[in-house]
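What follows is a single structure, written as structure tokens, with notes after it.
The values are calculated or read from the model by the stated rules, or taken from the named source; none is laboratory data. Keep in mind that this is a model prediction, so the values were computed, not measured. Neighbour counts run over all protein chains shown; Cβ positions are idealised from the backbone, glycine included. Surface areas here come from the heavy atoms of the whole protein model, side chains and all, with no ligands, DNA or RNA. Shrake-Rupley method; radii C 1.70, N 1.55, O 1.52, S 1.80 Å.
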Amino acid sequence: MAPIPPSQQQPLVERLMSACGGAYSPDVRRKYFITGPQWAAAYEGNALFHAPTRTSVDFERVIEEYAKIGIGHWCTHDTDVIPSTSVMKDEQWEIVGRIKASLQKNGVQCSMVTTETFHHAVFAGGPAAEAPEVRAYAAERLKNTVHIGHELGASYAVYWPGSFGYYTAGTVDEPQALKWYADGLNAACNADIEFAKKYNRPTLKHCMEAKPFEPQAEILLPTSDAMLAFIFSGLLDHPDMVGLNPEYLHELMWGASVRAALGRALLCKKLFHFDINDGYRLKHDVDIAVGLVNPLDWLNVLVLLRSYGFNGPFNLDYKPPRTTSNHGVFAVSFPTAVDRFITLWEMAGEVMEDAVMKEAIEALKAGGGVTDIHDVDGIVKANAELLTLHELTAHRLFQILVGAHKGRTYSIA
Ligand code: GLT
Ligand code: MN
Ligand code: MN
């Protein structure tokens, strides 16, 4: 093939995108509770060893592009949109006003707000550092975000305590630090109760998000399970207001079965919000778009969530790869991520209705019918053939994933 000059590259991408087919319309996409973060679309491709590959994108553009794609909800960190020197000053409200106008103009809703307590130098010692002024500052930031959330009409607040940990142990008193961290969340929840009254709105759902590795070397609340223990520890003034925002990859990173981790959150009625993406076990937070690495596992995850009535928010917390251009972020990265999610979600519905799956699961639950429960060998024998269904259903899930249940086969020509 002859080299493709830059002027012909966008048309090529557009043509191949439409050749892919299978895109859902923006109206269909809007039927799902899918949320798009400001930081994901605005990510410039920079990292510790990576220079940026894209230019910055402001919230006006992100909201407009999300609206065109059919992503009906937008979320943000305070400092994604407000310079840190302006946060909590009068000038922040002028920016919030512009955000409101932009959301309204494009028919997009703000679903969630989150406080950046990890990037700025003030959080070098973490959001619950030893110095009381750092903790007081962090609490003010959390309360301010709750206020902005009510102003923008959000229903969720997320907390990713990225800097809550250390590189070297010895000075940080872990139980004390956890108590201080709870003080911050308590300040946010108590302020929320007051703001909710003033705004005549329900309180927000406060969602904790765990990540096991990075950016600290050791993390004090590394997993969703650790956060569940924290929520039920007695340290929180309003544990009913606090739940989880698990991220698919963050659970996978430490080696969990994501489906099982989500199952524990569901059991505790604490699955409030879900960051959807993909990646690899025991690696850093690569934030690949949903379904590009583990589609079969994703199908399994969505079967669980659908079975338990979790309908979102599904937050597209991934990083468009550095190899994708500014144009590609909105022309390829976001629409394809949304469409894979919808496809997997609908497939999960097919799994739940599939006659083979249903009968296999019912048969396993029926058991072999042994009545003498002291007859261990008899119980084993009675279930022996039934247990083959575990592998059969895994095959069936694969078939549904690749369309083989609808007769798609291959033959050697
Ligand atoms: C950061 C983190 C994400 C969190 C964001 C919310 S910040 O990008 O890696 O997983 O969801 O604070
Ligand atoms: Mn996340
Ligand atoms: Mn991540």
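Selection of the stretch 222-257 for residues being surrounded by fewer than 22 Cβ atoms within 10 Å (Cβ to Cβ) and either within 15 Å of ligand 2 (Cβ to nearest atom) or closer than 24 Å to Lys319 by Cα (or both) yields Pro222, Thr223, Trp254, Gly255, Ala256, Ser257. Search the stretch 272-325 for residues being of a type outside the set (Ser, Thr, Tyr) and touching a Ser or Thr at 6+ places or on another chain (Cβ under 6 Å), and hand back the single one that is nearest to Glu14 (Cα to Cα). Among those that are of a type outside the set (Ser, Thr, Tyr) and touching a Ser or Thr at 6+ places or on another chain (Cβ under 6 Å), it is Pro320. Look at the stretch 218-240: where a residue is part of a helix (DSSP H, G or I) and a partner is open to solvent by 30 Å² or more (accessible area, probe 1.4 Å), sitting 6+ places away or on another chain with Cβ atoms under 7 Å, you get Asp225/Arg264; Leu228/Arg264; Leu228/Cys268; Phe230/Leu178; Ile231/Pro239; Pro239/Phe232.
Looking at the structure I just gave you, is Lys179 under 20 Å from Pro313 (Cα atoms), open to solvent by 60 Å² or more (accessible area, probe 1.4 Å) and either of a type in the set (Lys, Arg) or within 16 Å of ligand 1 (Cβ to nearest atom) (or both)? Before the answer, list the steps.
Values: under 20 Å from Pro313 (Cα atoms): no; open to solvent by 60 Å² or more (accessible area, probe 1.4 Å): yes; either of a type in the set (Lys, Arg) or within 16 Å of ligand 1 (Cβ to nearest atom) (or both): yes.
So Lys179 fails the test.
For the stretch 77-85, state whether one or more residues are among the charged types (D, E, K, R), over 17 Å from the mean Cα position of the chain (by Cα) and crowded, with 21+ Cβ neighbours inside 10 Å. Looking for residues that are among the charged types (D, E, K, R), over 17 Å from the mean Cα position of the chain (by Cα) and crowded, with 21+ Cβ neighbours inside 10 Å, one finds at least one in the stretch 77-85, hence yes.
List every residue pair whose Cβ atoms sit under 8 Å apart, with the two residues 6 or more apart in sequence or on different chains, where the first one lies in the stretch 165-187 and is touching a residue at least 40 places away in the same chain (Cβ under 8 Å) and the second, anywhere, is of a type in the set (Asp, Glu) and assigned to a strand (DSSP E or B). Close Cβ pairs satisfying both conditions: Gly165/Glu218; Tyr166/Glu218; Tyr167/Glu218; Ala169/Glu218. Of all residues in the stretch 113-162, those that are away from ligand 1 (no atom under 11 Å from the Cβ), of a type outside the set (A, V, I, L, M) and more than 18 Å from the chain's Cα centre (by Cα) total 19.
For the stretch 11-129, list the helices (runs of 4 or more DSSP H) that sit wholly inside it and hold at least 3 residues that are among the basic types (Lys, Arg); which are they? Before you say what the answer is, go through the steps one by one.
On the way: elements: 26-29, 38-42, 59-69, 78-81, 91-106.
Answer list for the stretch 11-129: 91-106.
Filtering the stretch 237-280 to residues that are within 22 Å of Ile71 (Cβ to Cβ), aliphatic (A, V, I, L, M) and within 12 Å of ligand 3 (Cβ to nearest atom) leaves Leu249, Ile276. Sub-6 Å Cβ pairs linking a first residue in the stretch 263-287 that is within 15 Å of ligand 1 (Cβ to nearest atom) to a second residue that is of a type in the set (Gly, Ala, Ser) and part of a loop (DSSP other than H, G, I, E, B), at least 6 apart or interchain, are Val286/Gly279, ordered by first then second residue.
Considering only the stretch 288-314, how many residues are closer than 30 Å to His238 by Cβ, without any contact (Cβ under 8 Å) to a residue 60 or more places away in the chain and within 16 Å of ligand 3 (Cβ to nearest atom)? Write out each step before concluding.
First pass over the stretch 288-314, keeping only residues closer than 30 Å to His238 by Cβ: 301, 304-314.
Cutting the leftovers down to without any contact (Cβ under 8 Å) to a residue 60 or more places away in the chain gives us 301, 304-310.
Cutting the leftovers down to within 16 Å of ligand 3 (Cβ to nearest atom) gives us 301.
So the count comes out to 1.
Checking each residue in the stretch 304-321 for being touching a Phe, Trp or Tyr at 6+ places or on another chain (Cβ under 9 Å) and away from ligand 2 (no atom under 16 Å from the Cβ) picks out Leu304, Leu305, Arg306, Phe310, Asn311.
Among residues of the stretch 42-64 that are open to solvent by less than 80 Å² (accessible area, probe 1.4 Å), those with a Cβ under 6 angstrom from a residue that is of a type in the set (Ser, Thr, Tyr) and assigned to a loop (DSSP other than H, G, I, E, B), sequence gap 6+ or separate chain, pair up as Gly45/Thr53. Close Cβ contacts (under 6 Å, 6 or more residues apart or on different chains) running from residues in the stretch 383-406 that are of a type in the set (Lys, Arg) to residues that are open to solvent by less than 40 Å² (accessible area, probe 1.4 Å) and in a helix (DSSP H, G or I) comprise Arg396/Met357.
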